[in-house]
Every structure is written in C-alpha cells, then in structure tokens.
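The values are calculated or read from the model by the stated rules, or taken from the named source; none is laboratory data. What you see is a predicted model; the values in this text were computed from it and never measured. Quick reminder, even Gly has a Cβ in these numbers, built from the backbone with ideal geometry, and neighbours come from all protein chains shown.
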Amino acid sequence: MSNGYHIVVCGSLVPDPLQTLEPVMAPDGPGLKNEAMLPSVLDPWAAHALYEAAHLAKRVPDSKVWLASLGPKPKLQQLMMAVAQKAPFEFVAIDGSASGFADSFETAQALAKAIQSIPGLDRDRMLLFGGCSSASRDAGTTLSMVGALLGVEDQFLAVDEIEPDADGGFRVKERVEGAQYLVSRCAGAPAVLAWATGNLPEPPNNPQIGMANMRGILPALAKAPSVGALRGGLRFESVETPSQRRETRVVKDAGVEEIARELAEWIRG
Amino acid sequence: MAKTLILIPLEADGTVGKAARDLLASALAADPGADVGVFGKGAKQAADVVPASASRVLVAGGDGLASPTAANDARACEALVRASGSQLVLAPQHSRTARCLPLVAVRTGGRIDTRVAGISLGAETKVRRWYYRQRMQAAFTREERPWFLLLESGALPAAEASAGFSGAVEEVSWEPCSRTQALGTEAAIAGEQTIRPDADLLLVAGAGWTKKQSDGQTHVPEAEELIRAFLRATGASLGSSKSLVDQKGEGAVISFLTHMNQVGQTGSSPRHPKGLATCCHGEEPHVVGWRFIGERRAINLDPNCGWAQGKADVLYVADAFAVLRRLNELLG
C-alpha cells in the first residue's frame, strides 16, 4: 500500500489587497461595491498552504495535490490563469459566493461535500490544507469545520512547518501566543493543517505546470456545482468603513540631527 | 437572555491568562447567571480564580489536557457545553479556543464567530467584528444555537471581580484520544529581535533597508546592526513588511527577519502604543498592520508616499540609515 499523502488544499479568492474596498448593503446582506469587477488574488494564506502542499508532495512519493476553490465561476477561471503556473494540482471548483460576509459553516459544508465527491481521493491518507485565516472573513474557522464535517479530529492551526517521519507520522509546528511554536507529533493522516505563512517563498511561474493544470481546470469549472450565497442564519444590521485618515505632518527640510532628537524625545516620552 | 457559558482555557503552566481573567470578570458582570467552564490539566485547582460571584462552575481536566491538542480540547469542551446546556458560549480569542471550538460548534449543531470586537448581551445578542483584514466592521446577529463567540480583549466593558469561588465545582468527564501528542513549545525566533507584544514601541523595517543607497551600493550588514542597536536601546518589538520577509528567497536579506515578524495583510496587526516605520515606502503595513498602533511615525525618502500620508502622524523625509545611526547614539 502506498504511503503518499492525498493533500486537499482549500483556498478561494479575495480582492487584491491593494484595492480600495467599500462596503454596500443589499437586501440579501452586505457586499462590496463593484465586487464582481474587483481584481482578485488567491487568498494569501491559502496560497502559502498550496506552496507547502506542493513542496510536501514532491518530498513524499506517491502524493497528490487537489485545490478546492469556492467562488464565482468566471472569477475562478480568471484566478486560475495565474495560480495554475505556481504548483501542480488537480482542480475542484465550486460555484458560489466568496464574499467575506458568507457564513463560514455554510462554506465549510459546501467544501466538505465537494471533497467527499473527489474521485480517487483516499480519505485515510488525506491531509486537509488551507489558510489559518482569510483576507476576507478572517475567521479562521472554515477549514476546521470542513475537517469536523469529514470526521477529521487531528487539527493544527497557524502551522509554519510539517516534517514527515519515516513511519507515516509527522511533526508540526503551530504558532501560539508569545512568539512561540507549539510542537506536536501526529500519528499520521488524516489531519487538518491550517497554515500561517509557512517558510517557503512564492514559487516562480512555470508555464509547463500551468499548461498541465489547465487541462483539468476548464473541465472542473464546467462541472462546478452551484451553492449560492451561503448566508445561513446570519442577519447583518450594518457594515461600515471606519474613518482612518490622520493629519500627517510631513517633515521635509529638517536635518538628521533635528529628526533624531525629535524621535528620541518622542520615544522616551 | 440566552443561557451563557463562559469557557476558559488554561495556559500550559496551569494558570489562567490575563485575557481570560478579564473576560471572566466582564462577562459575569454582564450576565451574573452565566455558567463558567474551565478546561486544561489542573482545571479543578485553577477554578479558584473564578470570581466568587459565579453561580456554577464546571471543569474538565486530566492528563490529556496537559498540552493543547485540537482533538482532546474539543472533546473536553464539548462535554462542558453539553453539561451546561448553554445556548451562548463566550471564550477568549486564544490559540487553544480557536483551534478546538470550531469542531465543537459542528458537533453540537451550533455556529461560531471569532475575533469579536464588541458584543451586546440582551434579549437579542449582537456582535461586531472586522472583515477584510480590519478594513470594515459589521454588526450582526444569527439564529443558530448554540452560538460560540471568541472575544477579543475589550469586547465587553471592563469590570472588576474578586477571585475566590468557593462553591462546589462540577467535574465533567470526557474521553481522551491520543493520535496527536504535544511535545512542547519552542521560541519561534530567539534573541534581541524577538517579538515583544508588551513593548511600548513597534519598529517596522521595510524593504528599503536592503535596496541600493545613494552611493549605488546595498548596505545590508549595516542595516542589520542599526536595527539591532535600536532594538537594544529601546526594547522595541520588531515588525517587518511582507516584501522584506519575502526576500528570503532572493539574496540580500536582513538575516534575523522571518514571517513571524511580518505585519500587514498576512502578518499580525500589533497593538503597541507607538510605531515607527522605516524604509516602508510604497508598502502597505501602514494600512492594515498599523490599524491598532496608537501614535505612528515614519521615515522614508518619499514625501508623497501614499501609504504613509493620512496613515502616519508624522512623516520624516530623510535617510533612515542616517537618522537611525544618530538616534541610536542619542538613545544609547
């Protein structure tokens, strides 16, 4: 029997962090102004999880990576043009809302259902990867609930490192309070690993990987099930952008001595 | 008001952390009839930190909770929630609760919301939390119960309560499992550049420290020494922009910076009273990473830097190398 991992990375799209975001209230709940037009990126934490998954799959023979993404189909297609070049994976698409205002449990249910229907996925060998948070909802609960719905009890949050053992187990480092790592040993898959940033830089684009991935991405998008708005029992009363503008005093013509003295006084004060 | 359980995790040394103690006091002031649940090894002994005014205290302890694992913590918390029968579960935002309570929410048919910045308890519980990395805040409620809420410090009005619960403590049994074993903790980064959440000042180092300077050369070793000397002199916490941390894969780097130092979109949003950003021109820590910094100053070479204008209180247009060199002399 093979010892490789079946790594399922859950990751969706978020608005490009450099975009200005303005909330709007609609009858069915809040959203973002011009949301459909905003350029998107793969959620940064999920991206780290994907790079770590690809790295782990390369180290452990007979491993395979799936990327499960929930978002509006046209935006997923656009996103995959960039993401597909980063790492080899098989794509699992779910057509639905990627809004930060969607309910994390509803989102988790949709993802769990999609993962259950992945052909060839051995859930006894499954490592469920994703971000420890997101740049949209920022709740840090979705992946954990996907794991719970799939019956996976061994879960790790804010992971920066995984080190597989020869016997199928692995050591994990999770970020905890006080700039510390909690180091744990897990007997092996199945497990949930919600990644912080990990330790790997963003891989360069690889057009060959991109072309190989795209062969599966378009059919996956074509058969993506639709799951809707995923609001659950949430009732929003208001959403607003707090004023954050400060009156900046620009000090242009002061010498180094003057600036250093002013700063020293400010720091001591 | 829905029946409430205040769920308190123990730290690795068996104590109750400050945020959890504050939550105990403020939540019991808001809802004096709430149950209190404590989980962790030695929970029964730790129950004496529960305010004397509490009406019911449940504990889940045992060797299986000596170190935090999702599986055992979730089993213990599930037992506490079921024993309490509460519809509203309040817990501090803590690595231990964040790891295990989503599992408990699924198993009990409930829902969970985290990083709650404000809550009003009453006939209808309403919460406020940030979305899109602290860019907007929403107020909402939800129908599903039990409702698990992880509260940030200050989400409830502060209250004082004297510890010393002297009533009967109810021990709740649960079944441990052993697929994961916590081996211990280790420092993510060591030495003088360690993150210090309790520091008065945050120094944010931007990618400019590794770029070519006016002489056409990079001065990375000098940058490292200046930053180190500044940290030694001030005891500041050290943050970094994402672009500087990401250079790990590219060559010239500040050797002691890791992703643990990163502030901003994928980093932390620290809460120091003062922050000084250096060489962060064109980078975004001012927007997200600085949301909760009190007084903010920045040193960079671009007076029109869109990331500092309107975000910093003072922007010094100067060479950060020269300013920090002199500043270290003054502070040293």
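Just give me the residues in segment A:35-64 being away from every other protein chain (no Cβ under 14 Å) and closer than 26 Å to residue A:136 by Cα, in sequence order.
Selection gives A:36, A:37, A:39, A:53, A:54.
Of all strands (runs of 3 or more DSSP E) completely enclosed by segment A:160-203, which ones contain at least 1 residues that are of a type outside the set (A, V, I, L, M, F, W, C)?
Answer list for segment A:160-203: A:170-176, A:180-186.
Can you name every residue in segment B:318-332 that is more than 7 Å from chain A (Cβ to nearest Cβ) and buried (at least 19 other Cβ atoms within 10 Å of the Cβ)?
B:320, B:321, B:324, B:328
Condition check: within 13 Å of another protein chain (Cβ to nearest Cβ), farther than 28 Å from residue A:22 by Cβ, modelled with pLDDT of 95 or more and more than 14 Å from the chain's Cα centre (by Cα). Does residue A:146 satisfy that?
no
Out of all the residues in segment B:86-105, which are part of a helix (DSSP H, G or I) and surrounded by fewer than 24 Cβ atoms within 10 Å (Cβ to Cβ)?
Residue satisfying the conditions is B:95 alone.
Being within 30 Å of residue B:115 (Cβ to Cβ), of a type in the set (Lys, Arg) and in contact with a Phe, Trp or Tyr (Cβ under 9 Å, 6 or more places away or on another chain) is the filter here, so list the residues in segment A:82-127 that pass it.
Correct list: A:86 only.
Based on what the data block shows, is residue B:121 within 21 Å of the chain's Cα centre (by Cα), surrounded by 15 or more Cβ atoms within 10 Å (Cβ to Cβ), of a type in the set (A, V, I, L, M) and assigned by TED's automatic domain parsing to the domain that holds residue B:24?
On the way: within 21 Å of the chain's Cα centre (by Cα): no; surrounded by 15 or more Cβ atoms within 10 Å (Cβ to Cβ): yes; of a type in the set (A, V, I, L, M): yes; assigned by TED's automatic domain parsing to the domain that holds residue B:24: yes.
No: the conditions fail for residue B:121.
Report, ordered by the first and then the second residue, all pairs with beta carbons closer than 7 Å, sequence separation of six or more or different chains, a first member in segment B:293-307 that is outside the structural domain of residue B:209 (by TED's automatic domain parsing), and a second member that is of a type outside the set (Val, Ile, Thr) and in a strand (DSSP E or B).
Pairs found: none.
Test residue A:114 against the criterion of being of a type in the set (A, V, I, L, M), in contact (Cβ under 8 Å) with a residue 40 or more places away in the chain, outside any helix (DSSP H, G or I) and away from chain B (no Cβ under 12 Å), and give yes or no.
no
Check A:217, A:267, A:209 and return the single one that is of a type in the set (A, V, I, L, M), at the interface with chain B (Cβ under 7 Å from one of its Cβ atoms) and assigned to a helix (DSSP H, G or I).
Answer to the check: A:267.
Which residue is farthest from the other protein chains (Cβ to nearest Cβ), if the candidates are limited to segment B:93-112 and must be more than 22 Å from residue A:230 (Cβ to Cβ) and without any contact (Cβ under 8 Å) to a residue 40 or more places away in the chain?
So the residue we want is B:100.
Looking only at segment A:67-111, count how many residues are assigned to a helix (DSSP H, G or I) and among the hydrophobic types (A, V, I, L, M, F, W, C).
Within segment A:67-111, residues that are assigned to a helix (DSSP H, G or I) and among the hydrophobic types (A, V, I, L, M, F, W, C) number 10.
If you go through segment B:203-225 one residue at a time, how many are modelled with pLDDT under 90, exposed (fewer than 14 other Cβ atoms within 10 Å of the Cβ) and in a helix (DSSP H, G or I)?
So the answer is 0.
Hey, can you tell me all the residues within segment B:127-142 that are within 11 Å of residue B:113 (Cβ to Cβ) and either within 7 Å of another protein chain (Cβ to nearest Cβ) or crowded, with 20+ Cβ neighbours inside 10 Å (or both)?
Hits for segment B:127-142 are B:127, B:129, B:138, B:140, B:141, B:142.
Are any residues in segment B:299-317 at the interface with chain A (Cβ under 7 Å from one of its Cβ atoms), surrounded by fewer than 20 Cβ atoms within 10 Å (Cβ to Cβ) and outside any strand (DSSP E or B), and if so, which ones? Step through it out loud before you land on a result.
Kept after step one, since they are at the interface with chain A (Cβ under 7 Å from one of its Cβ atoms), are these residues of segment B:299-317: B:303, B:308-317.
From what is left, the residues that are surrounded by fewer than 20 Cβ atoms within 10 Å (Cβ to Cβ) are B:303, B:309-310, B:313, B:317.
Hits for segment B:299-317 are B:303, B:309, B:310, B:313.
Only one residue in A:222, A:254, A:191, A:260 is modelled with pLDDT of 90 or more, exposed (fewer than 14 other Cβ atoms within 10 Å of the Cβ) and among the aliphatic types (A, V, I, L, M). Which one? Outline the logic, then answer.
Values: A:254 fails: exposed (fewer than 14 other Cβ atoms within 10 Å of the Cβ); A:191 fails: exposed (fewer than 14 other Cβ atoms within 10 Å of the Cβ); A:260 fails: exposed (fewer than 14 other Cβ atoms within 10 Å of the Cβ).
Step by step, each of A:222, A:254, A:191, A:260 is checked, and only A:222 is modelled with pLDDT of 90 or more, exposed (fewer than 14 other Cβ atoms within 10 Å of the Cβ) and among the aliphatic types (A, V, I, L, M).
Suppose we filter B:142, B:196 for residues that are touching a Ser or Thr at 6+ places or on another chain (Cβ under 6 Å), charged (D, E, K, R), within 27 Å of residue B:93 (Cβ to Cβ) and touching a residue at least 24 places away in the same chain (Cβ under 8 Å); which single one remains? Outline the logic, then answer.
Values: B:142 fails: touching a Ser or Thr at 6+ places or on another chain (Cβ under 6 Å).
Residue meeting the stated conditions: B:196.
Can you tell me which of (1) in contact with a Ser or Thr (Cβ under 7 Å, 6 or more places away or on another chain); (2) within 12 Å of another protein chain (Cβ to nearest Cβ); (3) crowded, with 19+ Cβ neighbours inside 10 Å; (4) not hydrophobic (A, V, I, L, M, F, W, C) is the one residue B:115 doesn't meet?
(1)
Does residue B:182 satisfy being within 14 Å of chain A (Cβ to nearest Cβ) and in contact (Cβ under 8 Å) with a residue 60 or more places away in the chain?
Considered against the rule, which asks whether it is within 14 Å of chain A (Cβ to nearest Cβ) and in contact (Cβ under 8 Å) with a residue 60 or more places away in the chain, residue B:182 comes out as yes.
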